[in-house]
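Q: Here's a structure for you.
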Amino acid sequence: MLDSALSLLPEKQDKKVAIHRDYRFPGKVVCNLGQLNQVFMNLLTNALQSIDGAGVIRVRTEPDGDEILITIKDSGQGIPPEVLPHIFEPFYSKKVMGRSGTGLGLAIVKRIVEAHNGTIDVDSRPGHGSTFSVFLPLSLS
């Protein structure tokens, strides 16, 4: 599913973004494939948009107890500390004019992850990129 989302990322001629995959989870997760594809497309598109010029996006999966951890890390601009507490709020957007965004993307991402009994966290610092961590249970309870 992650490879599918990566293949659908919009290509940017002005960017040279390297994608590094590190899949360490060999199993399967019970999920709504379409919904989780939307989650990863949104996170990957945001990662791509956060990078000006050249950069790196790292995608990793690994087991974490009774969950799978999926991390998407970018070398982009990072998120300012005053913005970070609001990024999952509906209609909250700090994108620059000319860049698409309704402010619904991360709110929908969080809703979908939580509907799968999972959680999403973010670690970000301006100038150092962002890491989104999605934890999903290996089985539905």
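The values are calculated or read from the model by the stated rules, or taken from the named source; none is laboratory data. These numbers were taken from a predicted model, which means no experiment stands behind them. Because the Cβ atoms are built from the backbone with ideal geometry, glycine has one as well, and the counts that use them run over all protein chains shown.
Q: Which numbered condition in (1) surrounded by 12 or more Cβ atoms within 10 Å (Cβ to Cβ); (2) over 24 Å from ILE79 (Cβ atoms) is the only one that THR45 fails?
A: The failed condition is (2).
Q: Scan the range 1-16 residue by residue and report those that are modelled with pLDDT of 85 or more and within 17 Å of THR71 (Cα to Cα).
A: Answer for the range 1-16, where residues must be modelled with pLDDT of 85 or more and within 17 Å of THR71 (Cα to Cα): LEU2, ASP3, SER4, ALA5, LEU6.
Q: Now, a different point. Here's a check for you: in the range 1-37, which residue that is without any contact (Cβ under 8 Å) to a residue 12 or more places away in the chain and either under 14 Å from the mean Cα position of the chain (by Cα) or in a helix (DSSP H, G or I) (or both) is surrounded by the fewest Cβ atoms within 10 Å (Cβ to Cβ)?
A: The extreme case among them is SER7.
Q: Next question, about the same structure. Considering only the range 122-141, state which residues are without any contact (Cβ under 8 Å) to a residue 40 or more places away in the chain and under 16 Å from the mean Cα position of the chain (by Cα).
A: Correct list: ASP123 only.
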